[in-house]
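Shown next, in structure tokens, is the structure this report addresses.
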Amino acid sequence: MLYLMPVAAVIATGILGALVFSLIGYDGVGAVREIFLTPILNPLKWQDLAIKAAPLIIIAVGLSIGYRANVWNIGAEGQYILGGLAGTGVALLTRDFSGPWILPLMVVAGIAGGMAWAAVPALLKTRLRVNEILTSLMLTYVAIQLLNYLVIGPWKDPMGMGFPQTVRFTAEQTLPRIVPGTIIHAGVLVALLVALGAWFVMARSVFGFQVRVVGAAPNAARYGGFSVNGTVWLTLLVSGGLAGLAGVLEVTGPYGRMVPSFPSYYGFTAIIVAFLGRLHPVGVIFAGLAIALTVVGGDIAQTTIGLPNAAVGIFQAMMLFLLLGSDILVRYRFRRAGTAMVGEAA
Amino acid sequence: MSADILIAIVITLIGASTPILLAALGELVVEKSGVLNLGVEGMMLIGAVTAFAITYNTGNPWLGIFCAALASTAASMLFAFLTLSLSANQVATGLALTIFGTGFSSLFGQAYTGRPIEIFRSVFPPELVSHPLLRLVFGHSPLVYFSLFMVFAVWWFLRRSRAGLILRAVGENDLSAHSIGYSVIGVRYAAVAFGGAMAGIAGSCFPLLLTPQWAERLTAGRGWIALALVVFAAWRPFRLLAGAYLFGLVMTLELYAKASGGAAAILPSEFWAALPYLATILVLVLISLRRSGYSAAPACLGKPFLPTN
Amino acid sequence: MEASVPPRLELAGISKRFPGVLANDQVSFAVRPGEIHALLGENGAGKSTLVKMIYGVMQPDAGQIRWDGETVSIANPRQARRLGIGMVFQHFSLFEAMTVLENIALGMDAKIPARELESRIRAVLAHYELALDPHRVVSTLSVGERQRIEIVRSLLLNPRLLIMDEPTSVLTPQEVEQLFVVLRQLAAEGCSILYISHKLHEIKALCGTATILRAGRVVDICDPAEESSRSMAEKMIGGNLKDVIKDKGRSFGEPRLVVDALSVPAIDRFGTSLSDISFSVGTGEIFGVAGVAGNGQSELLLALDGEVPVAPSAIVIGGEAAGNLAPGQRRKRGLCAVPEERHGHAAVSDFSLSDNTVLTARDRLGMVSMGLIRSGSARSFTDRVISEFSVKAQGAGALASSLSGGNLQKYITGREILQNPDILVIDQPTWGVDAGAAAAIRQAIVDLAAGGSAVVVISQDLDELLELCDTLAVINGGRLSDKLTVGEVSVEEIGLLMGGIHGTAQETTIGAGAKRAVSA
């Protein structure tokens, strides 16, 4: 039941989406076919799916760990941008060097950048009880302005014919492709490893237990000897670090340089992925692929039937609405099982 | 700087504050009932695109505002149905509403990109509106007067009316309110609907008051600032008014700085663009420093209502 | 009963079923005008369900409710109030951040101007000689004052039947007597009272008739004056009362837990601060902390088990300063604790029992290696708790939320006791627990102490403390009295301490009245 619901939500979104878009004057059935089926049926699109899903999965795994602990980091977009910026910073500093250490250094810098951006909400929440939802989100807007400032100002490529962008990274600063003849880069493998690693940690380790207790009952966590503030720090650093990782993998992979259009709403879309994946790392892999489907399919639908790109957001939101609405069915079963005792105690 | 420019800046400031004030007033009532609706930004975008489309096609801004309120209320009812009737997670559903509103406004706004409409100006006689001093009082859009009236109305409702007392009770202790015999869900539906209508009207301010051209995501995170403002104001309407105008000042600082020359020339424009968001964080920090250990938030804020019977 | 005067309230064959349990089975009894009628039964006997049907919160599946002889169906609390039924809940339905006046206004169905309401409140307060300031914010009031709000709220509606659900569980002995004075006055004025309790000596002192419920059925309707407390208790639990077996001739060893000038600021605006608390508990000693709810009991537990850090020297475990140690470190030093709130504090409701074992037993019992949880050993320890404490649960994988209150409390207590703590701190060990489970838990506590552990029992049930403890002290307003020896101190003395330190003139006169009532 718990894990069938997301599948049902995707299917219901297809049906409802076809209906709604037909009603408002688009080719609804065509839209659903292009968005949900074409990317699967056309093998040429599989590599697109993989590289769109990778950052979504990496970010959503981090977010889902935080959400489990009731830590609502919704500023992953900002942490993703900072990850990309930190990686770019290292790239610009190491242009005159060579060696296999450069790319790993960039990746580490990216993770650190994301962590640094997430450390602000963590500090404010643990020290001053400032709500992390608002601070992490506000920092996203700040990150966008920081990016604009850097690519228009100090980091602008002097040979770029006035375009606001950095120089192209060297070969040693770029992610290797792992499947010859495709655009699938090493980040896809990293995404899988991150998700599987998170699965193991969440299921088996004391850290995973701690996250679940803090989310389910903070008072019980304190009683059990877990620090609630420590958990806030850990989860924000992990989710920020993973968003930063996704950022640096994007800039060293598909982009190859920093550009103003780097913020691609992966950080927001990953929130949907996290919920659609039931805040479970393995679920997130499938959810990431499902959402990547709408992104890739949305591009196809835009060119083939002229469906505006914004429609993708509506499909994604619809999916999330349906999933959240279906939660009650899952809960209702639990409640019925528990009602015998509840009724008696009442 | 001349008094003329100063007055112009004050009028701009008040205009820039108005959408935040309206949205925050709505959210204040919602939160007082114990519901956290993070979909303000999304509802504002829905209001903005509706107001634009209706005003563009009919030329009637009043109708545009009315339809914006209706459309956002409809969206808020989706949120209410999920969180109140189906007890879905309020944080997640609010985020979903914002994502939905963003997509909705982009989709329906696409056809209007770059098209202009007329600013919804003051309806007072021209001699008052253009009077060098009296325009401080008469030179505002009806939306501004409406927002000021609503500050008072919300204060009166919460502090003086019985319905407001019941609404506060529901937000303070939903189980007790239920056991006395009040409809917790009913009260919260009404509050969320009010919040939706206010967010819609707040959204309509963007095309009608601030930027009379359609652009994607034109609310630029103001809905989130409104949420922060409610915390800043400690859930009090008049403090909300002060806070909103303070933010209006921050947002128009760039204008002010440019008019006076000096510092603005040194600092990059990106800094000024980021300033409102930095200011929001700063304000949240200050408010928690001043508060000694506890919060003034309604006790049931964000928690689903699950009666035991 | 005269045929001409029908009962104020009559229940005929009332049944109510919840999924998997029959909460009320053919319940019938009647309450006469002006009668104080006890409804007696264990937790889970179906009292609360029955009362909710009378007050219109739920509807019966079968049977009839008659009011003044006429069959009525009570759709909601509002209709109940219109009939003249008032209710004072066990868990007050109050709004902490609002004033007394606002709280009462919320309880009124009609809209009454604030000024008129206030004068009517003052009239009721004067008539029943109750002290309460209508403009105080509820969070600043004592439990007794909070109950007065509920009572005034009901009395303003001129009720003809007042339902009191476990009204004395949170009051000092003196406050109980004061309440009884009011209830007797009300009954003399013709109002019927349905008095729900499991405290037998109160029922003997107050009630004219008692209906005893067990497992949803009426097992007896009797005159409390003609019964002994023991006979009523045995009807209530349907078996023989089990007394705690305690060796009288025990002696205590050297101090294991020493608390020295412990002070803790209030956690939030509704909390109590602790000031200058000192006591010591020796090996084998059971030390009780008595007091009315909300006087710092939960704060004391949090300070003792390490959930709130305090000055290092304020808490000494086995001779070493431990005030700055976290809960996990204190457990390693041998201090285990059981907080009052079972759901969300002592246990995570949505977790399995096995995971709840990991919550507190992982370090003492080696359930972690290299950062990973050894779920096998957690499961086997959980199985041991389940069997040794006769916990009714579907194995170690059962969710904590699926257990009844008594069984969950047995599991939690067992989980801590089977870790063989040198020191056990336990808050409200038998709150809301049926008699069988309560007896088992009390015996386990006594056995632990007999094995040489020091035990601190915090409880609002004075009878329980007098039965269990060797020594006790009273907590009031965050201050702890001197240590008293059980057997050398009277209930009246303890009662005065419970209400004492911030006692007002009003309460002193009531104390005097209470003594009269007792001797009468």
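Starting from the Kirkwood radius over alpha-carbon pairs of the protein assembly as shown, derive D by Stokes-Einstein at 37 °C in a medium of 0.692 mPa s and give it in µm² s⁻¹.
For the chosen part, D equals 99 µm²/s.
Can you give the Rg/Rh ratio of region B:1-145, where Rg is from the C-alpha atoms and Rh is the Kirkwood radius?
Reported Rg/Rh, Kirkwood definition of Rh: 1.05.
Mean projection of the alpha-carbon convex hull of region C:252-346 over all orientations, in nm²?
Projected over every direction and averaged, the Cα hull of region C:252-346 covers 6.2 nm².
Using a 10 angstrom cutoff on alpha carbons, build the Gaussian network for chain B and name the most mobile of B:Ala190, B:Ala75, B:Ala51.
B:Ala190
For the residues A:Ser22, B:Ser176, C:Ser73, what sequence is obtained by ranking on other C-beta atoms within 10 Å, fewest first?
Listed from fewest to most nearby Cβ atoms, that is C:Ser73, A:Ser22, B:Ser176.
Just the projected area, averaged over all directions, of the convex hull on the alpha carbon atoms of region C:64-199: how many nm²?
For the Cα atoms of region C:64-199, the hull's average projected area reads 8.7 nm².
I want the local charge near A:Ala311. Using Cβ-Cβ distances under 13 Å, sum +1 for each Lys or Arg and -1 for each Asp or Glu among the other residues.
Counting the neighbours of A:Ala311, the net charge comes to -3.
With all distinct Cα pairs included, what does the Kirkwood hydrodynamic radius of region C:421-474 come out to in Å, to one decimal, could you say?
Kirkwood radius, region C:421-474: 11.4 Å.
Report Rg(Cα)/(2.2 N^0.38 Å) for region A:254-326, keeping two decimals.
Working it through for region A:254-326, the quotient is 1.20.
Rg and Dmax of region C:1-94, Cα atoms, in Å?
13.3, 42
If you take the beta carbon distance between C:Ala215 and C:Arg384 as r and set R0 to 41 Å, what does 1/(1 + (r/R0)^6) give as a FRET efficiency, to the nearest 0.05?
Taking R0 as 41 Å, the efficiency between C:Ala215 and C:Arg384 is 0.85.
What fraction of the DSSP beta bridges in region C:108-267 is antiparallel, stated in percent and rounded to the nearest 5?
DSSP beta bridges in region C:108-267 are roughly 50 percent antiparallel.
Kindly put C:Arg146, C:Arg115 in sequence by how many other C-beta atoms sit within 10 Å of each C-beta, fewest to most.
Taking fewest neighbouring Cβ atoms as first place, the list is C:Arg115, C:Arg146.
Between C:Asp109 and A:Thr304, with labels modelled 7 Å along Cα→Cβ, what's the label distance in nm to one decimal, could you check?
6.4
Could you tell me how far the Cα centroid of region A:265-295 sits from the Cα centroid of region A:37-51, in Å?
So the separation of the two Cα centres works out to 17 Å.
To the nearest 0.05, what FRET efficiency results for B:Arg239 and B:Thr12 with a Förster distance of 22 Å applied to their C-beta separation?
Given R0 = 22 Å and the Cβ-Cβ separation, E is 0.45.
Can you tell me what percent of all Cα-Cα pairs in chain B are more than 37 Å apart?
Considering chain B, 15 percent of its Cα-Cα pairs are separated by more than 37 Å.
Among B:Ile14, B:Ile281, B:Ile54, which one shows the highest mean-square fluctuation when chain B is modelled as a Gaussian network with alpha-carbon springs under 10 Å?
The residue with the greatest mean-square fluctuation here is B:Ile281.
Rule-of-thumb check for region C:297-354: C-alpha Rg over 2.2 N^0.38 Å?
1.21
Need the C-alpha centroid separation for region C:402-450 versus region C:236-313, integer Å.
15
Within chain A, which is the longest segment that contains none of the chymotrypsin sites (Phe, Trp or Tyr not before Pro) sitting in a DSSP loop with at most 15 other Cβ atoms within 10 Å?
The reported range is A:102-264.
Among A:Lys45, A:Lys125, rank each residue by its count of other Cβ atoms within 10 Å, from fewest to most, as a rough exposure measure.
Result, fewest neighbours first: A:Lys45, A:Lys125.
Taking the Cα atoms of region C:136-247 alone, what are Rg (to one decimal) and Dmax (as a whole number) in Å?
16.2, 53
Step through the residues of region B:14-28 one at a time and calculate ³J(HN,Hα) from phi using the Karplus curve (6.51 cos²θ - 1.76 cosθ + 1.60, θ = phi - 60°), rounding each to whole Hz and writing x for Gly and Pro.
After applying 6.51 cos²θ - 1.76 cosθ + 1.60, I find 5, x, 5, 6, 4, x, 5, 4, 4, 5, 5, 4, x, 5, 4 Hz.
Counting only DSSP beta bridges with both residues in chain C, tell me the antiparallel percent, nearest 5.
In chain C, approximately 50 percent of DSSP beta bridges are antiparallel ones.
Could you tell me the extents of region C:51-102's C-alpha atoms along the three principal axes, largest first, rounded to whole Å?
Principal-axis extents of the Cα atoms in region C:51-102, largest first: 40, 20, 15 Å.
Please find, in a Gaussian network model of chain B (springs between Cα atoms separated by less than 10 Å), the residue of B:Ala226, B:Ala199, B:Ala169 whose mean-square fluctuation is greatest.
Among B:Ala226, B:Ala199, B:Ala169, the largest mean-square fluctuation in the Gaussian network model of chain B belongs to B:Ala169.
Quick check: Cα centre of region C:330-360 to Cα centre of region C:179-199, how many Å?
Taking the Cα centre of region C:179-199 as reference, the centre of region C:330-360 is 40 Å away.
At 10 °C and 1.306 mPa s, grab the translational diffusion coefficient of region C:337-468 from Stokes-Einstein with a Kirkwood Rh over Cα pairs, rounded to a whole number in µm² per second.
Translational diffusion coefficient: 107 µm²/s.
In whole Å, what three semi-axes, largest first, describe the equivalent ellipsoid of region B:127-247 built from its Cα gyration tensor (square root of 5 times each eigenvalue)?
Values for region B:127-247, descending: 33, 18, 13 Å.
In the P(r) worked out for chain C, what percent of Cα pairs fall beyond 47 Å?
Of the Cα pairs, 13 percent sit more than 47 Å apart.
Report, in order of residue number, the helices in chain A meeting two criteria: a C-alpha extent of 18 Å or more along the helix axis, and a mean Kyte-Doolittle hydropathy of at least 0.0; treat each whole DSSP H run as one helix.
Passing helices, by number: A:4-23, A:46-68, A:76-93, A:102-128, A:132-152, A:186-204, A:228-250, A:281-305, A:310-345.
What base-10 log of the normalised intensity I(q)/I(0) is obtained for region A:155-287 from the Debye formula, alpha carbons as equal point scatterers, at q = 0.13, 0.17, 0.18 Å⁻¹?
Result of the Debye calculation: -0.71, -1.01, -1.08.
Please state the shape class of chain A: rounded when a/c is under 1.5, otherwise prolate if a/b exceeds b/c and oblate if not, all from the C-alpha gyration tensor.
Here chain A falls in the oblate category.
Based only on Cα atoms, what Rg/Rh ratio does region A:80-213 have, Rh being taken as Kirkwood's radius?
Over the Cα atoms of region A:80-213, Rg/Rh equals 1.04.
Can you work out the FRET efficiency for the pair C:His127 and B:Phe81, with r the C-beta to C-beta distance and R0 = 51 Å, to the nearest 0.05?
That pair, C:His127 with B:Phe81, gives E of 0.60.
How about A:Lys125: which lysines have a C-alpha closer than 28 Å to its C-alpha, ignoring those fewer than 8 places off in the same chain?
Partners within reach: B:Lys32, B:Lys303.
Too long at a 31 Å Cα-Cα cut-off: which of C:Lys246/C:Lys483; C:Lys47/C:Lys248; C:Lys111/C:Lys199; C:Lys199/C:Lys246; C:Lys47/C:Lys242?
In this structure, C:Lys47/C:Lys248; C:Lys111/C:Lys199 exceed 31 Å between Cα atoms.
Any read-out appearing in this document is the output of simple, stated calculations on the displayed coordinates, not a laboratory observation. This one's a predicted model, so the numbers in the text were calculated from it and none came from an experiment. Neighbour counts run over all protein chains shown; Cβ positions are idealised from the backbone, glycine included.
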